[in-house]
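This report refers to the structure that appears directly beneath it.
The values are calculated or read from the model by the stated rules, or taken from the named source; none is laboratory data. Computed from a predicted model, the values in this text were never measured in an experiment. Cβ coordinates were reconstructed from backbone atoms using ideal geometry, including for glycine residues, and neighbour counts include every protein chain displayed.
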Amino acid sequence: METLALIKCFPADSLLIAASGTESLSFNPIKLVVLCGWVYLCFYFVQQVQYSLLVPPKYKTIAKLSALFVGPILFFVLLIVDIQRQISSEGHKNVIEIIKQRLRNAFASSRSSSNSREEPTIRLLDSSGTELKQIYGHGKSKREDRHILDLTEHIIWDALQEQASDILIDPRDNSTYTVRFRVDGVLRTVENLDADKCKAVINSIKAVSNMDISERRRPQDGAFIAQTADGKASFRVASAGVVNGEKLSVRVLSQKAGMYTLDNIGLTDKYRSIIKEEITKPSGMILMCGPTGSGKTTSLYAMLNEIDLYTRNVITVEDPIECVLPNASQIEVNPKAGITFAKSLRSILRQDPDVISVGEIRDEETAGIALRASQTGHLVFATVHSYSNESAMVRLLDLGVTPVLMSSGLDLVISQRLLRRLCTDCKKPAQLTQKQIDDFRRKKIDYKHLFRAGGCQECHGTGYRGRTAIFDMLVVDNELKASIVSSDSWITELRKAGDEQGKSHLRKQGLKMVLSGVTSLEELKRVLG
Ligand SMILES: [Zn+2]
């Protein structure tokens, strides 16, 4: 804090000195600009030191003082190193583009004052509520411990601030480890850390997750909790030995999933009213489909939130439980302990449920029990990993479900994808090729409001912030039920249509988002191919 105070005094002093020095000199605007630039760069670099995880806390004072005097020189060195790193990780960008982006970020950061990045106030706890500090670091020097714990807390804190869904820590080579966050479904390198330091961070996370620190090869898993001022967040941890060391993946379980309702997940009015009608029925099955990370679980929670949990007995089977639903019974599967989806389903059917939610249908037994339950007076929600409504039905048939069972149990199939929203601070007009323009003109589509990703500090240079969902829905009405049962050709057709037919509908929905400037053509292509 003393250093900060000292630094804050500096500009006033330096300007005074500069002013007194220039008294005898004639006014030279170039010198003034250079002086201002120098002072600005000093500040910028001191700020970088303050928040850099690469500078250990005990060296921060020295680093800040050095920054003050050799600031601009070090700034340029850091800039070159940083640009070099970005070029090697994102080969497609050129130097000029990166320098422009850096300069924009530098000006933005000076505008948004130094409190833009808060110091973490976070406590990491194991499943029994014991704090990381008490678990980790016996037999090591206190200072070294503190630094590793700070680093671990910083990584977890940053992941929560950036709303990352996963944290991946893995060795890049013998001496470096990479920390990456998955934000809005896309992986981004956050920093490269020295191997020894990062191994200690991995050990601290394994310790708080009740995993065996000495086991570095065999895959292990565990869990921990982070307590912040905003509440609790849960994390799932998996580790495994890889070439050059050990890989750690941490899944951030989104507590926010529980806050979604049918009104705020991006449904069109027509789709919303179809779902609302379906969930008021006493029985039937609603099947959500999409690949991993397509937002199926969030939509499932949104539907469950719509159900009156006081008057209807709601039981969920999940892997893992992403967030707590008040007044619902939630069961977490644990195949190692013999608690599978099928086993849990069989046991909950004895508890007289009205509504059952099955995290994911992965095997014949689960599919069979869930569909039979939907025929016997239960409203069943389930998800299946597939790319379209058509392929979800094919998947059920492939799992051994008979057409008769599927047609009588299934009521609604919904497929979903998530598109990243363009960052409103930096989106730029799209650069269309002549072919694309001709295409749009031929189809009489207004392409004037098309945008592409830019890159600014607000979106960490990605050009995107937040996501929106697109849906495709298939109502299994009596006519469709009849053709499922009666005609083999329908199933052959279904297999032939496969993913493409379903995707074309999703693509149409996605194109609407592109044309209204919410997302970009590139993003639509990334998600739907
Ligand atoms: Zn931006």
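Would you point out which residue out of G502, G498 is at pLDDT below 95, crowded, with 20+ Cβ neighbours inside 10 Å and more than 15 Å from the ligand (Cβ to nearest atom)?
On the way: G498 fails: crowded, with 20+ Cβ neighbours inside 10 Å.
Exactly one of G502, G498 is at pLDDT below 95, crowded, with 20+ Cβ neighbours inside 10 Å and more than 15 Å from the ligand (Cβ to nearest atom), namely G502.
Please identify the pairs in which a residue from the stretch 434-463 that is under 14 Å from T519 (Cα atoms) has its Cβ atom under 9 Å from the Cβ atom of a residue that is small (G, A, S) and more than 16 Å from the ligand (Cβ to nearest atom), counting only partners at least 6 apart or on another chain.
H449/S516
Look at the stretch 171-203 and say how many of its residues are touching a Lys or Arg at 6+ places or on another chain (Cβ under 8 Å) and either surrounded by fewer than 21 Cβ atoms within 10 Å (Cβ to Cβ) or within 15 Å of S249 (Cα to Cα) (or both).
The first filter runs over the stretch 171-203 and keeps only residues touching a Lys or Arg at 6+ places or on another chain (Cβ under 8 Å), leaving 171, 177-178, 180-182, 184-190, 192.
If we keep only those that are either surrounded by fewer than 21 Cβ atoms within 10 Å (Cβ to Cβ) or within 15 Å of S249 (Cα to Cα) (or both) too, we end up with 171, 177-178, 180-182, 185-190, 192.
Residues flagged as touching a Lys or Arg at 6+ places or on another chain (Cβ under 8 Å) and either surrounded by fewer than 21 Cβ atoms within 10 Å (Cβ to Cβ) or within 15 Å of S249 (Cα to Cα) (or both) within the stretch 171-203 amount to 13.
Does the stretch 191-202 contain any residue that is in the same structural domain as Q227 (by TED's automatic domain parsing) and within 26 Å of V527 (Cβ to Cβ)?
Within the stretch 191-202 (the criterion being in the same structural domain as Q227 (by TED's automatic domain parsing) and within 26 Å of V527 (Cβ to Cβ)), the answer is no, since none of the residues qualifies.
In the stretch 374-394, which residue that is surrounded by 17 or more Cβ atoms within 10 Å (Cβ to Cβ) and hydroxyl-bearing (S, T, Y) is farthest from T492 (Cα to Cα)? Explain how you work it out, then say what you get.
Keep residues of the stretch 374-394 that are surrounded by 17 or more Cβ atoms within 10 Å (Cβ to Cβ), which gives 374, 378-384, 386-394.
Those left that are additionally hydroxyl-bearing (S, T, Y): 374, 383, 386-388, 391.
Values: S374: 26, T383: 23, S386: 18, Y387: 18, S388: 16, S391: 12 Å.
Step by step, filter the stretch 374-394, then rank; the result is S374.
So, in the stretch 206-229, exactly how many residues are touching a residue at least 40 places away in the same chain (Cβ under 8 Å), surrounded by 12 or more Cβ atoms within 10 Å (Cβ to Cβ) and in a loop (DSSP other than H, G, I, E, B)? Step through it out loud before you land on a result.
First, the residues of the stretch 206-229 that are touching a residue at least 40 places away in the same chain (Cβ under 8 Å): 206-210, 223-229.
When the remaining residues are screened for being surrounded by 12 or more Cβ atoms within 10 Å (Cβ to Cβ), the result is 206-210, 223-228.
Of the ones still in play, those that are also in a loop (DSSP other than H, G, I, E, B) are 209-210.
Result for the stretch 206-229: 2.
Return the residues of the stretch 282-295 that are in contact with a Gly (Cβ under 8 Å, 6 or more places away or on another chain) and surrounded by 23 or more Cβ atoms within 10 Å (Cβ to Cβ); say none if nothing qualifies.
First, the residues of the stretch 282-295 that are in contact with a Gly (Cβ under 8 Å, 6 or more places away or on another chain): 282-285, 293.
Within the stretch 282-295, just M285 meets the criteria.
I'm trying to understand the selection: among the residues of the stretch 274-308, which are assigned to a helix (DSSP H, G or I), of a type in the set (A, V, I, L, M) and over 24 Å from the mean Cα position of the chain (by Cα)?
Initial filter on the stretch 274-308 (assigned to a helix (DSSP H, G or I)): 274-280, 296-306.
So of that shortlist, the ones also of a type in the set (A, V, I, L, M) come out as 274-275, 279, 300, 302-304.
Matches in the stretch 274-308: I274, I275, I279.
Quick check: is even one residue across the stretch 471-487 within 16 Å of L521 (Cβ to Cβ) and in contact with a strand residue (DSSP E or B) (Cβ under 9 Å, 6 or more places away or on another chain)?
To start, the set of residues in the stretch 471-487 that are within 16 Å of L521 (Cβ to Cβ) comprises none.
Within the stretch 471-487, not a single residue is within 16 Å of L521 (Cβ to Cβ) and in contact with a strand residue (DSSP E or B) (Cβ under 9 Å, 6 or more places away or on another chain).
Mind checking which helices (runs of 4 or more DSSP H) fall wholly inside the stretch 333-435 and carry at least 1 residues that are more than 16 Å from the ligand (Cβ to nearest atom), out of contact with any helix residue (DSSP H, G or I) (no Cβ under 6 Å at 6 or more places or on another chain) and not hydrophobic (A, V, I, L, M, F, W, C)?
341-348, 364-375, 389-398
Give the residue, chosen from L405, L371, L397, that is buried (at least 22 other Cβ atoms within 10 Å of the Cβ), at pLDDT 90 or above and of a type outside the set (S, T, Y).
Of L405, L371, L397, the one residue that is buried (at least 22 other Cβ atoms within 10 Å of the Cβ), at pLDDT 90 or above and of a type outside the set (S, T, Y) is L371.
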